[in-house]
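The structure appears below as structure tokens.
The values are calculated or read from the model by the stated rules, or taken from the named source; none is laboratory data. This structure is a prediction, so every number in the text was calculated from the model and none was measured. Glycine also receives a Cβ, built like all others from the backbone with ideal geometry; neighbour counts cover every protein chain displayed.
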Amino acid sequence: MHSAYVDVHCHLTESAYELDLAAVIERAASRGVTQLVVNGVDPASNRKILEMQQQYPTVRAAVGIYPIQAVSRHLSELPMPIEVLQDPDAEIRFIAEQAQAGTIVAVGECGLDAHWLGPETFAEQERVFLALVDIAKQQDLPVIVHSRKLEMRTYELLRQANPARVVFHCWGGRVKQAIEIAQLHPGWAFSIPANARRNGAFEKMLRELPETSLLTETDSPYLSPQPATRNEPQNVVDTIEFLAALRNWKVETAKDLVWRNFCRIFAT
Ligand SMILES: [Zn+2]
């Protein structure tokens, strides 16, 4: 199979794409971005992604529970307008069923967050996260991980659970730690967002991470390369061009490398 550009973390279920989802997916495909791993955050997005995967041949489903949703029923004030998840365990069971049925390519988005959430939520965040990591581990699927402001705690839990395939999405911890983690865990990877040209840490990760631990993502509609605009999966092409420039490679070399990492970690 020819190499493709890959976006391992995007949220195409967001209302930002309500009017032109087909055009967004088509624009990506026309530039060779033909692997879009759409990540779920709650019951509604998880189900929508499973439908989207039926409809669009380049969409791959990842289903998960975002840290805020995992604890939303305990919050007196929601940090953003989301639907409160009353029964995370029912959703954990749903995700386990999908993993067993082979309808998903990864478990995620899931993980820990201390940017929006306080310490009183940490125990429950960890419980839900570990349940999802366990599903990924049981079914030998990658787990796509959010670790905002709790990067080393997230790593510690993963190190103990030891799933074979991990994708750290949008790592905000120290670059040195990411490099150490990548060296210690060859099956694990870091997906670099499309705003890397504006972010010194992501630039450093593109430059210095072990080759086998590099993946690309957009987190669309968030983290656009142009501030205050909607992001799109097609923007991973620019990250690959940037990676090639930083390492003095041809663009094709960078594209092939990330493609091989994707095939290995997502076992496609
Ligand atoms: Zn995300």
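Here the condition is being in contact (Cβ under 8 Å) with a residue 60 or more places away in the chain and under 24 Å from residue 4 (Cβ atoms); of 142, 67, 57, it holds for 142 alone. For the stretch 25-51, which residues satisfy the criterion of being within 16 Å of the ligand (Cβ to nearest atom) and hydrophobic (A, V, I, L, M, F, W, C)? The answer is 36, 37, 38, 41, 44, 49. Output yes when any residue across the stretch 205-217 is over 21 Å from residue 175 (Cβ atoms) and surrounded by 18 or more Cβ atoms within 10 Å (Cβ to Cβ), and no when none is. Within the stretch 205-217 (the criterion being over 21 Å from residue 175 (Cβ atoms) and surrounded by 18 or more Cβ atoms within 10 Å (Cβ to Cβ)), the answer is no, since none of the residues qualifies. Listed by first and then second residue, the pairs linking a residue in the stretch 201-214 that is under 18 Å from residue 8 (Cα atoms) to a residue that is among the hydroxyl-bearing types (Ser, Thr, Tyr), with Cβ atoms under 9 Å apart and 6 or more places separating them unless they lie on different chains, are 202/239; 206/239; 214/191.
The lone criterion from (1) surrounded by fewer than 18 Cβ atoms within 10 Å (Cβ to Cβ); (2) among the acidic types (Asp, Glu); (3) over 16 Å from residue 88 (Cβ atoms) left unmet by residue 151 is number (1). Restricting 123, 136 to those that are in contact with a strand residue (DSSP E or B) (Cβ under 9 Å, 6 or more places away or on another chain) and more than 16 Å from the ligand (Cβ to nearest atom) reduces the list to 136. Scanning the stretch 1-23 for residues that are at pLDDT 95 or above, over 16 Å from residue 238 (Cα atoms) and away from the ligand (no atom under 16 Å from the Cβ) yields 18, 19, 20, 21, 22, 23.
If you check 253, 239 for being among the polar types (S, T, N, Q), assigned to a helix (DSSP H, G or I) and buried (at least 18 other Cβ atoms within 10 Å of the Cβ), only one passes: 239.
Rundown of residues vs (1) of a type outside the set (S, T, N, Q); (2) under 20 Å from residue 23 (Cα atoms), yes/no style:
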{"residue": "194", "(1), (2)": "yes, yes"}
{"residue": "224", "(1), (2)": "no, yes"}
{"residue": "241", "(1), (2)": "yes, no"}
{"residue": "246", "(1), (2)": "yes, no"}
{"residue": "262", "(1), (2)": "yes, no"}
{"residue": "265", "(1), (2)": "yes, no"}
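Of the helices (runs of 4 or more DSSP H) lying entirely inside the stretch 37-140, those containing at least 3 residues that are under 17 Å from the mean Cα position of the chain (by Cα) are 43-55, 67-71, 122-138.
When the stretch 157-186 is limited to residues that are under 13 Å from the mean Cα position of the chain (by Cα) and either away from the ligand (no atom under 16 Å from the Cβ) or not in a loop (DSSP other than H, G, I, E, B) (or both), the one that is surrounded by the fewest Cβ atoms within 10 Å (Cβ to Cβ) turns out to be 165.
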